[in-house]
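Student: Dropping the structure in here first, questions after.
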Amino acid sequence: MLHTHSERKEKKMGSKTEEGYFVGYDLDTKGYRVWFPCKNQVKTHRDIVFEPEHEEQETPENQKLAESESEMSGEEENESIHDSLPKSREESEQEQDPVQQDTYSLRDRSKICNPERFANISILNAEPESFEEATSSGNAEQWKQAIDEEIQSLKQNQTWTLVEPPKNQQVIDNRWVYKIKRNEDGSVQKYKARLVARGLRQIAGVDYNETFSPVSKFDSIRIILCVAASEKLILRQFDVKTAFLYGKIDEILYMQQPDGYQDGTKRVYKLNRSFICMV
C-alpha cells in the first residue's frame, strides 16, 4: 500500500492524499503505476510514499481463512498420529509395491520466441533520430506539423537571411531534434521539433567567443521570489516560444539549409539571431 497526492480539491481539514497499490513501473515515463481501489483506475505518479508492512485488519474473509487453516492443521495432526501407529501386514506389503506412474517429457523451451508485440512495445511512439525517420514514421503528420511550426517561428523572428555561400567562411551544419511531451498519465500532449546547429567544427576564439545556456539558474529564481515576497508583489508566470531567438549575435555565422526546406540552390543562411547549438 502507498499514498500519493490527491487530485481532488478537498477542504482545508480534508485528506491531502489518496491510498493506492503499487502495480508496476511505467514503460514510457519515469513513474510508478498505481491502482486506486476507490476509483478502479490505474494511473502514473512520481511522488508516492510507500507504507511499511502492517498487520491485516480482522475481516470476515480473514476469519474464515484462519478457521480453514486451523481445520487443515488438525487434519494433519490426525494423519501424523495415524502414521505413527503400527501397520498391518497387508498395508506393509502394499507399500513395498509402489504404483508405477506415467511420466511425460516436456518440449524444449530454448527455441520458444516471445511474440513480436513484446518487441514492439519498446518502439511505440518512439522519438525519431532523423528527418527521414520522422517523415516516414506512423506519426509523420504530427511531426510534419511540429516542423512547420518551428520553421514559421524562425521566419517570424527573422532568424536568418538567405545569401550566397562565402568563400573563406565556414558553413556549419544542422539537424532536427524531436521530442514527445507527455502528460502525467503517459499520454501524448505535444510533438515538438527543434532545429539545432552543429557546432562541432567551430573553433573557440575564431567562430565564437562566449557560450550561453537559455536556462535560468535556480539562484536567480530564488532571488526573484525572495524580492517579490518581501515587497508583497504579484508574480505572473508565462511561456515564451523560442525565447532564445530574441537575442542578437555579434559574430558572423553561416548555416546550411535544413532538411525538408531546401530551395535547390547552394545558398546558405546568414544567422541574424542567436541559435541553439549542439557542441
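Values in this text are rule-based calculations from the coordinates and carry no lab data. Model, not experiment: these values are computed from the prediction. Ideal geometry is used to build each Cβ from the backbone, glycine not excepted, and the neighbour counts take in all protein chains shown.
Student: I need the calculated FRET efficiency for the pair Val227 and Cys38, taking r as the beta carbon distance and R₀ as 35 Å, to the nearest 0.05. Before the final figure, lay out each step's value.
Tutor: Numbers: r = 43 Å, r/R0 = 1.24.
Computed FRET efficiency for Val227 and Cys38: 0.20.
Student: Under 19 Å from the 7 Å Cα→Cβ point of Val171, by amide nitrogen: which residues of region 126-164?
Tutor: Output list for this probe position: 159-164.
Student: May I pose another question? Using a basic spin-label model with each label point 7 Å from the Cα along Cα→Cβ, how many nm lie between Glu141 and Tyr21?
Tutor: In this crude spin-label approximation the distance works out to 4.0 nm.
Student: Could you list Trp35, Trp176 in order of exposure, starting from the residue whose Cβ has the fewest other Cβ atoms within 10 Å?
Tutor: Arranged by neighbour count, lowest to highest, Trp35, Trp176 become Trp35, Trp176.
Student: Return Arg46, Arg267 ranked ascending by Cβ neighbour count within 10 Å, so the fewest neighbours appear first.
Tutor: Arg46, Arg267
Student: Here's something else I'd like to know. Using mean Cβ contacts within 10 Å as the protection proxy, how do 250-256, 215-221, 146-152 order, highest first?
Tutor: Ranked from most to least packed, the peptides come out as 146-152, 250-256, 215-221.
Student: Under a plain spin-label model, where a point goes 7 Å from the Cα along Cα-to-Cβ, how far apart in nm are Phe50 and Lys248?
Tutor: Those two pseudo-labels are separated by 5.7 nm.
Student: While we're on this one: With each label point set 7 Å from Cα along the Cα-Cβ vector, what nm distance links Arg182 and Asn157?
Tutor: Placing both labels 7 Å beyond Cα along the Cβ direction yields 2.8 nm.
Student: For the pairs Lys248/Lys270; Lys30/Lys190; Lys155/Lys248; Lys43/Lys181; Lys190/Lys248; Lys155/Lys192, note any where the Cα-Cα span goes beyond 20 Å.
Tutor: Lys190/Lys248
Student: Only counting other Cβ atoms within 10 Å, I'd like Phe36, Phe238, Phe275 sorted with the fewest neighbours first. Present the calculation step by step, with values, prior to reporting the outcome.
Tutor: Numbers: Phe36 16, Phe238 4, Phe275 22.
Going from least to most buried by this count: Phe238, Phe36, Phe275.
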